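One structure below.
The values are calculated or read from the model by the stated rules, or taken from the named source; none is laboratory data. Nothing here was measured: the structure is a model prediction, and the numbers come from that model. A quick note on method: Cβ atoms are made from the backbone with ideal geometry, for glycine too, and the neighbour counts reach across all protein chains shown.
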Amino acid sequence: MGEVFAGRYELADPIGRGGVGAVWRAWDHRRRRYVAAKVLQQRDAHSLLRFVREQALRIDHPHVLAPASWAADDDKVLFTMDLVAGGSLAHLVGDYGPLPPAFVCTLLDQLLSGLAAVHAEGVVHRDIKPANVLLEATGTGRPRLRLSDFGIAMRLGEPRLTETNLVVGTPGYLAPEQMMGAEPDFPADLFATGLVALHLLQGAKPDAKALVEYFVEHGTPGAPQGVPEPLWQVVAALLQPDPQSRFRTATGARKALVACAELLPEPGPDDELIEIFDQLGPLPPGFGPEGPLRRSPGVTVGPGGVAGSADASEGAVVPARPGTGAVAAGSADSGTGAVSSPQRLAPRQGTGPVPEPDGSGSSAGPAQPSTMSDTGSFHLPPPQAVPPAQPTPAAPPAQVLPPSGGVPPEPVLRADASTASYTAQDPRVPVPAQKRSRHRAARPRRPGPPARVAVPLLLLALACYAVGFWALTRQ
């Protein structure tokens, strides 16, 4: 049995590591399926802000792997995605070396399709590389690609979370204008896409610096050995050092690629067959195809038998475990931590993030969960633990209660932190009132979340805004 998050997500085994957190295979007790869960422990405000940006991304596209839901438990937060089992493009090149041009055309078309959807939302990915492009385990059938890891992605016009003189990304996949300190823009993603295509065609990571120098001094080089000329013309247009000379949009590059694919020779009978198989490995002890073999004590089951819910509805708030801080489960359709869950289609089988074998804090094998923060400014204190309150004796039905005179506790502020932590109000403290009669319970329930949920969420939102304004003043 693994650690249970928010009474719903049970962590099974670590399967990879991203730029800001560890990726786990986890069982979703509510939807009864395995998901990929990216876990971050809140060590500093900088990492938390990047994590919040990533979980808020909502792009529904068959070739994009975006977060689906989120949850918070004490000083840890996570968001979940589909579980993709076929490894990454880096795994594929490691297994087969240079890939056939027709196969690369299919992969490049899907990558540009997903990138077009990302850019249509005004988002610049900023970290396109083979390790961040995942594959579903389709065997020898048509490959299905998913663009993942939006940890450093940002919307055009959003404030940057790094200092002006710092560059964020993976060395070897940065566009020349990024190295000169230009603002992130869509052509930089297209340049990285061209490097990924060249990596697939040659079976090795290209030397981006030498390639750019050759383009500048001698113009577009000839097609590398084994790369058909029509396909090289498309890739070379993506690799132009001047962003004005590249394709302006991913859709434009796709159109050129479709015309190029018609000129490529058909695969011959002697060509090697590419198989994309499951890279995740067997489930750990205690877990089976239908989930954990035994029910964990931390799983919350509502009256309707739905795990991770206070009742049988999708949008219920997950109650906190005794002796812990507040716990909330989020929604795929709310960017502010609302307590409703998305209505989604049936999940694909065998999907999720995989280990990253190259660059920027990645590891090739299974990684132990760890809290990672490449950059940061100050530490965000974890929420204060709230001890379980003693139950209040019930009053007789006809008895009139005197005013309690109690005042809800004020948020506990720490003088040494820029962001205040909080303690939740005990929901069982009687509400001050002149009379409480037997007819009080007959009132219809007021719409909206209860105060014990809304107040902590509002405080957390205010804290995030305060940290954001602070980050802006640092630039």
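Please note which helices (runs of 4 or more DSSP H) are completely contained in the range 161-223 and include at least 3 residues that are surrounded by fewer than 20 Cβ atoms within 10 Å (Cβ to Cβ).
Working: elements: 176-179, 186-202, 208-218.
By residue number, 176-179, 208-218.
Residues in the range 224-243 that are out of contact with any Asp or Glu (no Cβ under 7 Å at 6 or more places or on another chain), in contact (Cβ under 8 Å) with a residue 12 or more places away in the chain and assigned to a helix (DSSP H, G or I): 230, 231, 233, 234, 235, 236, 237, 238.
Here residue 203 does not fit the description of being among the small types (Gly, Ala, Ser) and free of Cβ contacts under 8 Å to residues at least 60 places away in the same chain.
Listed here are the residues, each with its yes/no results for (1) more than 22 Å from residue 271 (Cβ to Cβ); (2) among the polar types (S, T, N, Q); (3) not in a strand (DSSP E or B); (4) not assigned by TED's automatic domain parsing to the domain that holds residue 168.
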position: 59; (1), (2), (3), (4): yes, no, yes, yes
position: 70; (1), (2), (3), (4): yes, no, no, yes
position: 77; (1), (2), (3), (4): yes, no, no, yes
position: 109; (1), (2), (3), (4): no, no, yes, no
position: 118; (1), (2), (3), (4): yes, no, yes, no
position: 137; (1), (2), (3), (4): no, no, yes, no
position: 150; (1), (2), (3), (4): yes, no, yes, no
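Can you confirm whether residue 139 is exposed (fewer than 15 other Cβ atoms within 10 Å of the Cβ) and more than 19 Å from residue 237 (Cα to Cα)? I'd like the intermediate steps shown before the answer.
Values: exposed (fewer than 15 other Cβ atoms within 10 Å of the Cβ): yes; more than 19 Å from residue 237 (Cα to Cα): yes.
It is true that residue 139 is exposed (fewer than 15 other Cβ atoms within 10 Å of the Cβ) and more than 19 Å from residue 237 (Cα to Cα).
For the range 128-136, the criterion of being in contact with a Ser or Thr (Cβ under 9 Å, 6 or more places away or on another chain), under 28 Å from residue 33 (Cβ atoms) and among the acidic types (Asp, Glu) is satisfied by at least one residue.
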